[in-house]
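The values are calculated or read from the model by the stated rules, or taken from the named source; none is laboratory data. Predicted model, so just to flag it, every value in this text is computed and none were measured. Cβ placement follows ideal geometry from the backbone for every residue including glycine, while neighbour counts extend to all protein chains displayed. Quick note on the areas: whole protein, heavy atoms, side chains included, nothing else; ligands and nucleic acids left out. Shrake-Rupley method; radii C 1.70, N 1.55, O 1.52, S 1.80 Å.
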Amino acid sequence: MRKMEVSVFDFVFLIASTTLASSLQTKSPIPTTVMVQNTQKPTLSLNVNLLEVYETLTPPPGASKNYPVGHAVVRLKLENSTLNHLHINAKKVEIQQADNHKILISQVVQPLNLAGLQIFEQGFYLTNAQGFSGAKKVKAVFTYEFNGKTYSAESRILDVVPNL
């Protein structure tokens with residue numbers, strides 16, 4: 001028969017590891033209600049992107065003399081992150097002067113209906129027969145109603161490019 005020796009160090013190590021293991025609390029893999037509420041994605045995400053804005057200063061040969069003409073290309077992207085159907089009462093897309101919010105171009109937009117988890121994209125090509133009236137910097141603004149409240153989303157500001 002073998003004799004087993006236990007040192008003081010082995011005994012202290014055994015007690016320390018048992019105490020440490022029993023003091024650890026296991027975390028529940030199921031998030032609590034508070035955790036879920038704080039990490040939920042918004043119901044609707046929206047992005048307005050002003051892709052291009054330019055002003056044609058001179059008419060092409062044979063065209064009418066209604067110049068300059070302002071042109072803008074706007075891209076609208078909406079994302080429904082829920083399984084529910086969403087109704088967005090879209091109002092208008094505008095091109096506004098960046099420094100004083102003067103409306104340079106405005107177009108009425110039809111209401112939008114998004115199915116669950118749908119991503120919707122729409123482009124707008126906006127023109128006006130007055131040009132941009134000397135505006136150097138402009139932005140696109142999308143106005144809409146959602147859940148009974150009116151909102152506006154803006155694009156980044158772009159320089160108006162003269163096109164001869």
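Here's how it looks for Ala98: its modeled amide H is under 5 Å from those of Lys137, Val138, Lys139, which are all 5 or more places away or on a different chain. For Leu83, the accessible surface of its heavy atoms amounts to roughly 140 Å² (probe 1.4 Å, protein chains only, rounded to the nearest 10).
For segment 149-162, backbone phi angles converted through the Karplus equation (6.51, -1.76, 1.60; θ = phi - 60°) give residue-by-residue couplings of 10, 8, 10, 10, 10, 10, 8, 6, 7, 10, 7, 6, 9, x Hz, Gly and Pro being listed as x.
Of Lys92/Lys139; Lys77/Lys102; Lys77/Lys139; Lys65/Lys102; Lys91/Lys149, which sit over 21 Å apart, Cα to Cα?
Details: Lys92/Lys139 14 Å; Lys77/Lys102 24 Å; Lys77/Lys139 16 Å; Lys65/Lys102 25 Å; Lys91/Lys149 12 Å.
Exceeds cut-off: Lys77/Lys102; Lys65/Lys102.
Here the spin labels are modelled as points 7 Å beyond Cα on the Cα-Cβ line, and at Lys77 and Gln110 they lie 2.3 nm apart.
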